[in-house]
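Presented below is the structure to which this report refers.
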Amino acid sequence: MREPERLTDGHASRDCHRRCGRICVRCLDRIDGQLRTLLDLYRESDQALVPGAPVLRERVSGSRATVGIVLDERVLALRARTGEVMASWARLVVDERTGARPAGRGVPALVGFLRGQLPWFAGHPAGVDLDEELAELRTDFRHLLGPGPVRRFALGPCTRPGCAGTLHGILPADGGDRVPDQVTCDTGHALPPRQWLLVAGRIREVATT
């Protein structure tokens, strides 16, 4: 008898969907995080529309000259694509679920709507495509805006058996967050979120200092 395939901690939604026909809870939590992060990046990109100080340029239209602000067209295009992607997925839900409708047409409303529909997407054939399209958008935002300043703090010895490395939490440098975005070992491997309870006491101790 063939032994069932075992999924790793960092498996993709396509793996669990292929194995059991639906996206697992762990992947749904990650997709929810992707949506929240995308909304944060979308809002951050509003500040990146004008690169550096506002630059005025003169445009000639007929005999009248007008002055406008030079906007970063790459940011404009990515923001527009984000709105189109969110609207497209929301439209799928509206078309297939009676009574489901977002509260508005803006990206924040669409993101909130999609987060509420994730349990439905877990069993939908297109759920994996949603996950992968969100990941692609997030990567594009990161490439455009950069990862932003971060701070690292030591969390003590790694919890993996046989590893002599040190765990580090990674937080945005502005200090607004108390929960790290990542917990990684300096030998190269990452501690998955479901294992963060193992170092929760260390995280709380650092966060309150």
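The values are calculated or read from the model by the stated rules, or taken from the named source; none is laboratory data. What you see is a predicted model; the values in this text were computed from it and never measured. Protein only, heavy atoms only, side chains kept; ligands, DNA and RNA dropped before computing areas. Shrake-Rupley method; radii C 1.70, N 1.55, O 1.52, S 1.80 Å.
For a quick check: with amide H placed at 1.01 Å from N, whose amide H comes under 5 Å from VAL183's, ignoring anything fewer than 5 positions away on the same chain?
Amide H neighbours of VAL183: LEU191.
What figure in square angstrom, to the nearest 10, would you give for the accessible area of GLU73 with a 1.4 Å probe?
About 140 Å², rounded to the nearest 10.
Once the whole set of protein chains is in place, how much accessible area is left on SER88, using a 1.4 Å probe, in Å² to the nearest 10?
Rounded to the nearest 10, the figure is 60 Å².
Which whole-number percent is the relative contact order of the range 71-158 (Cα, under 8 Å, 6+ apart)?
Normalised by residue count, the contact order of the range 71-158 is 26 percent.
When only the heavy atoms of the protein chains count and the probe is 1.4 Å, how do ARG79, ARG19, ARG26 rank by accessible area, highest first?
My answer, sorted largest first, is ARG19, ARG26, ARG79.
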